[in-house]
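The structure appears below as structure tokens.
The values are calculated or read from the model by the stated rules, or taken from the named source; none is laboratory data. All values reported here derive from a predicted model rather than from experimental measurement. Positions of Cβ are backbone-derived with ideal geometry, glycine not excepted, and every protein chain shown enters the neighbour counts.
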Amino acid sequence: MNPTSLSQYDCIFFDFDGVIADSVDAKITAFGALYDAFGPDVRQAVEDYQRAVPGETRYDKIPRFHRDLLGITLTDEEVLQWCDKLSSIVLDEVVDSPLLPDVAPILAMLIRQNVQAHIVSGTPHDELQIIVERKGLSSFFRTARGAPEKKHVIVRDIMKMEGLVADQCLFVGDAMTDYNCAIACDLDFLGRADKVADPFPQGTTVVSRLGEFFTPGEMPQADQIPGAQKAA
């Protein structure tokens, strides 16, 4: 399951928040703001959960927060309404978040080497399209797909459409939802995490910045990449 070298892959699946964009903190703050009216204890519990389980979709988190923290069972329509509220809070913050170090040159390198790149995210699909477009990233990814589809469903669908097999593909993620997706689809997995906050099982290949795996010597400088917003 651990990757060996980039040359063995024809396709890379990337999570978005915490892998492409430095937007994890923006999501934590937005979830907290969504529940601010229910008091500081509820807000703190929501932020703590988002910090611990960043990859889970809001379609699952919001009904759980209401049920477990507020004793409220939401209807499907109410879940969508709360998801829309979150979108109105978080969208601009995520768009304004910088790319993580090495991301822009890595994406350009993958295009040059004819390696497919796809975003597979827990962010709602329509919101993800806006974010990718406004960040100038559309040309770097063959597809960008999000919730409510589950990640393993998206990956399997793309593999079928592109005629790919598992050993041609790598999943890059920062959360156990990404790791579990890779396991479900029998893909190699590369974790992106700070060493002090590594959530993955022992033995998982984990880097703090993607350039540790994607050969730095082959990457152009970030200021040579038109279109994409650069990391701060």
Those residues of region 33-60 which are at pLDDT 95 or above and of a type in the set (Lys, Arg) amount to Arg43
The lone condition Ile28 fails out of (1) at pLDDT below 90; (2) farther than 27 Å from Met109 by Cβ; (3) in a helix (DSSP H, G or I) is (1)
- request: Would you mind stating whether Lys195 is charged (D, E, K, R) and either under 27 Å from Leu91 (Cβ atoms) or at pLDDT 95 or above (or both)?
  value: no
Would you call Ala147 modelled with pLDDT under 95 and surrounded by 15 or more Cβ atoms within 10 Å (Cβ to Cβ)? yes
- May I ask you to verify whether Val132 is in contact (Cβ under 8 Å) with a residue 12 or more places away in the chain, within 12 Å of Ile12 (Cα to Cα) and not hydroxyl-bearing (Ser, Thr, Tyr)? no
Scanning region 119-144 residue by residue, those among the small types (Gly, Ala, Ser) and either surrounded by fewer than 21 Cβ atoms within 10 Å (Cβ to Cβ) or assigned by TED's automatic domain parsing to the domain that holds Glu56 (or both) turn out to be Gly136, Ser138, Ser139
When every residue in region 1-25 that is among the hydroxyl-bearing types (Ser, Thr, Tyr) and not in a helix (DSSP H, G or I) is compared, the one nearest to the chain's Cα centre (by Cα) is Ser23
Return a yes/no flag: does region 28-39 have any residue that is surrounded by fewer than 17 Cβ atoms within 10 Å (Cβ to Cβ), without any contact (Cβ under 8 Å) to a residue 60 or more places away in the chain and either within 14 Å of the chain's Cα centre (by Cα) or farther than 25 Å from Val79 by Cα (or both). no
Exactly one of Leu187, Leu137 is modelled with pLDDT of 95 or more and closer than 22 Å to Thr4 by Cβ, and that one is Leu187
Exactly one of Asp15, Asp41, Asp48 is of a type in the set (Asp, Glu), assigned by TED's automatic domain parsing to the domain that holds Gly163 and over 14 Å from Val90 (Cα atoms), and that one is Asp15
Residue check: is Val53 of a type outside the set (Lys, Arg) and over 18 Å from the mean Cα position of the chain (by Cα)? no
Inside region 199-222, the number of residues satisfying the requirement of being surrounded by fewer than 16 Cβ atoms within 10 Å (Cβ to Cβ), in contact with a helix residue (DSSP H, G or I) (Cβ under 9 Å, 6 or more places away or on another chain) and at pLDDT below 90 is 5
Could you go through region 68-91 and let me know if any residue there is loosely packed, with under 14 Cβ neighbours inside 10 Å, modelled with pLDDT of 95 or more and touching a Gly at 6+ places or on another chain (Cβ under 9 Å).
no
Val103 vs (1) surrounded by fewer than 19 Cβ atoms within 10 Å (Cβ to Cβ); (2) of a type in the set (Val, Ile, Thr); (3) under 17 Å from Phe13 (Cβ atoms): all pass except (1)
